[in-house]
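Following: one structure in structure tokens, then a few remarks.
Nothing in this text is a laboratory measurement; each read-out follows from the coordinates by a stated rule. What you see is a predicted model; the values in this text were computed from it and never measured. So basically every Cβ, Gly included, is an ideal-geometry build from the backbone, and we count neighbours across all protein chains shown.
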Amino acid sequence: MTGDPEAARRVPEEVAGIPCDTEGPVFREPWEAQAFAMTLALHERGLFTWPEWAAALGAEIKRAQAAGDPDTGETYYRHWLNALEKLVSEKGIASAEAMARYHDAWNHAANRTPHGRPIELQAADFK
């Protein structure tokens, strides 16, 4: 997942509220694990510090709670992904427009892909 095999185990200590079991972080869906892995990889590449990440995630959770999120834990990785997308945009890695374009393309590709098959982006998905 990352260059530092202990990084995933340290995250729950450094970022409060992350869903965990005795082995470390737990994920309900594959995309949650992917968002987690992307965050670790971007941190390892120096995009942001852990305090910066924790502040971004905390701000996203507070925003969601103020908007009525029931804070049951089921939406935790949605907040995680929103915080990651904001940091990526703020750091100039990808614009919000580019991320929205890929989001829409991914939805298009997912809709045309039979259940159980891998989703693959094609040029037509970006139209």
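Worth pointing out:
- Phi to ³J(HN,Hα) by Karplus 6.51 cos²θ - 1.76 cosθ + 1.60 over the stretch 31-43, Hz, x for Gly, Pro: 5, 5, 5, 5, 5, 4, 5, 4, 4, 4, 5, 5, 5
- GluC sites (Glu not before Pro), loop per DSSP, at most 11 other Cβ atoms within 10 Å - longest free stretch of the chain: 24-73
- Table column - 3J(HN,Hα) (Hz), the stretch 81-98, Karplus curve with 6.51, -1.76, 1.60, x for Gly and Pro: 5, 4, 5, 5, 4, 5, 5, 4, 5, 4, 7, x, 6, 8, 6, 4, 5, 5
- The string of couplings for the stretch 114-127 from the Karplus curve (6.51, -1.76, 1.60, θ = phi - 60°) is x, 3, x, 9, x, 7, 10, 6, 10, 3, 4, 5, 8, 9 Hz, one whole number per residue in order, with x for Gly and Pro.
- Counting only the Cα atoms, the chain fills a convex hull of 143 Å³ per residue.
- Restriction of the trypsin sites (Lys or Arg not before Pro) in the stretch 85-122 to DSSP coil positions whose beta-carbon has at most 14 other beta-carbons within 10 angstrom yields LYS91.
- Between helix 50-66 and the chain: long-axis angle, C-alpha atoms, 0 to 90°, nearest 10: 70 degrees
- FRET efficiency, 1/(1 + (r/R0)^6) with R0 30 Å, evaluated for ASP69 and ASP104 via beta carbons: 0.80
- The modelled label-to-label distance for the pair GLU52/PHE126, using points 7 Å beyond Cα in the direction of Cβ, is 2.8 nm.
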